[in-house]
């Protein structure tokens, strides 16, 4: 039987050295590879098959979760272990959703690590429900958007009941309450749209301390982006423009994942308030460094200054009052 190939991904060399030593001293006979970054890990995967990826959550170009999601697009049944110094409930939930076999906090216990590797490489160590390439692509896109915009949370939700279909970022009661109110309001605005139209509705909910942007994905889903701080006016336009670009991508992915829904009108992008920043297109890789993120916002500010997102699908005053989104003057 061929030796299992294990890829260790961490930009801290002392961590990969410790993990490598643990595996070598265990006498299990694995072929061990290591990579200091997500990009190098992806290149290693191109060179040959890997049985198990052990990755840190924090990496230079993208998060470990994004790396796992990208790998899943090509290798749906790839085994994965996530290591992190921030073992939050939200990160663990996202890891489990991606089919991660084990979630290990730092500092890493050698015993726990070896047990996790043995479990991952056992014949039944693969995820019970394999993550498909398209679902992984949608999850990666959502996580990348959340990270790039600096959002607290991002969700793809069902408009019928607010049920989360994919999520990235934080997950707490305040976030969920704000999202539930915003989803209800967006669903109400879509009910007034003509059945044959292809609506592209927007909604912004200022529910301090949560600030939520929503836009529909077809007629049955919504893309929700939550921030912990209020955004500037010019940022709102950039966020909505970015969101509609992601909606187009998610629409294409969902059409492949759920072909039975292909008869519904496909979402169309909202009219652009201005030309995209020079040298940037939807196909570009998202910025992944603080400097690149700042350049993105600087360019968005120059192109979107003084511009506002389209008003199609905006709630009436009465609809907003009934939903409790604005104060009721009659009670003051």
Once residue 109 and residue 191 are pulled to full extension, the length gained, defined as 0.36 nm per residue separation minus their Cα-Cα distance, is 24.2 nm
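How high is the relative contact order of the range 5-131, given as a whole-number percent (alpha carbon pairs under 8 Å, six or more residues apart)?
Over the range 5-131, the number comes to 23 percent.
Based on the Cβ-Cβ distance of residue 208 and residue 61, what FRET efficiency does E = 1/(1 + (r/R0)^6) give at R0 = 35 Å, to the nearest 0.05?
On the way: r = 34 Å, r/R0 = 0.97.
Rounded to the nearest 0.05, the efficiency is 0.55.
Determine the shape class of the range 5-131: with a ≥ b ≥ c the square roots of the Cα gyration tensor eigenvalues, call it rounded for a/c under 1.5, and otherwise prolate if a/b is greater than b/c, oblate otherwise.
The shape class here is rounded.
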With label points set 7 Å from each Cα along the Cα-to-Cβ direction at residue 77 and residue 229, the distance between them in nm comes to 4.7 nm
Length gained, residue 249-residue 93, 0.36 nm per residue minus C-alpha separation, equals 53.8 nm
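Readers should treat all values here as calculations from the given coordinates under stated rules, not as data from a laboratory. It should be emphasised that the depicted structure is a prediction, and the values quoted were computed from it without experimental measurement. Note: ideal-geometry Cβ built from the backbone for every residue, glycine included; neighbour counts use all protein chains shown.
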